[in-house]
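Undergrad: Would you mind keeping the following structure in view while I ask a few things?
Here, each number is a calculation from the coordinates, and none is a lab measurement. As the structure is a prediction and not an experimental result, all values here were calculated from the model. Using ideal geometry, Cβ is built from the backbone for each residue, glycine included, and neighbour counts are taken over all protein chains shown.
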Ligand SMILES: [Mn+2]
């Protein structure tokens with residue numbers, strides 16, 4: 001079975017609960033569609049965990065792209081910190097040098113899209129946009145319109161844009177828009193301060209039968 005989730009944003013507690021709920025078997029695949037880090041407290045911990053699991057794969061999200069730009073090129077620091085990068089930066093700086101290097105090598109290896117087949121369907125997985133004209137930059141950064149066109153014969157699964165933007169009536173559920181499926185159920189909005197919407201969730205989709213899981 002192939003499972004996908006996205007936009008965990010440092011919330012290790014939700015990630016752990018999701019893995020408990022799924023009870024993955026060695027033959028299952030998990031593809032995490034980017035934005036593991038930033039905003040929440042423990043993005044680095046989740047990254048290290050993903051790196052260790054042989055049946056886990058990951059796509060590059062815009063938050064990992066910002067992280068790489070700062071750590072590998074010393075560029076755009078303000079943008080990363082402004083977008084919730086400070087807890088990630090602090091945790092990264094506390095890692096032993098060997099682990100810092102492993103994290104950077106891992107991030108540099110991440111693809112911006114993946115094609116998989118499950119349940120008789122062809123899926124295209126991306127963090128942001130799948131539109132060819134948007135290029136690799138758009139694949140991680142661009143927010144797509146609900147009526148954007150999907151290549152013939154495929155189903156696109158994407159994160160990055162929280163699903164409440166597509167379905168205000170079912171704000172923290174996976175959005176099924178025909179050949180487009182949005183799986184970012186809004187965890188970026190959870191920062192622990194009182195008054196925020198506590199109903200945001202981490203969603204996970206099993207591609208073989210489109211079964212939904214939430215924590
Ligand atoms: Mn994103």
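Undergrad: Expressed as a rounded percentage, what relative contact order does the stretch 2-214 have, with Cα pairs under 8 Å and six or more residues apart?
TA: Once normalised by length, the contact order is 22 percent.
Undergrad: Kindly rank 115-124, 161-170, 180-189 from highest to lowest mean number of other beta carbons found within 10 Å of each residue.
TA: The peptides rank, most packed first, as 180-189, 161-170, 115-124.
Undergrad: Based solely on its DSSP helices, what 222 nm [θ] is calculated for the chain when runs of n ≥ 4 H residues each add -39,500 (n - 2.57) and the sum is averaged over all residues, nearest 500 deg cm²/dmol?
TA: -9000 deg cm²/dmol
Undergrad: Over the alpha-carbon set of the stretch 10-64, divide Rg by the Kirkwood Rh and report the Rg/Rh ratio to two decimals.
TA: Ratio of gyration radius to Kirkwood radius: 0.95.
Undergrad: Could you work out the relative contact order of the stretch 78-160, using alpha carbon pairs under 8 angstrom and six or more residues apart, expressed as a whole percent?
TA: Relative contact order of the stretch 78-160: 23 percent.
Undergrad: In a Debye calculation with equal point scatterers on the alpha-carbon sites of the stretch 131-215 and no solvent, what is log10 I(q)/I(0) at q = 0.13, 0.16, 0.18 Å⁻¹?
TA: For the stretch 131-215, the Cα-only Debye profile gives -0.45, -0.66, -0.82.
Undergrad: Also: Plugging the Kirkwood radius over Cα pairs into Stokes-Einstein for the stretch 2-214, at a temperature of 10 °C and a viscosity of 1.306 mPa s, what D comes out in µm²/s?
TA: The Stokes-Einstein estimate is 92 µm²/s.
Undergrad: Turning to a different aspect of this structure: Summarise the long-distance tail of P(r) for the stretch 45-129 by giving the % of C-alpha pairs beyond 16 Å.
TA: 58
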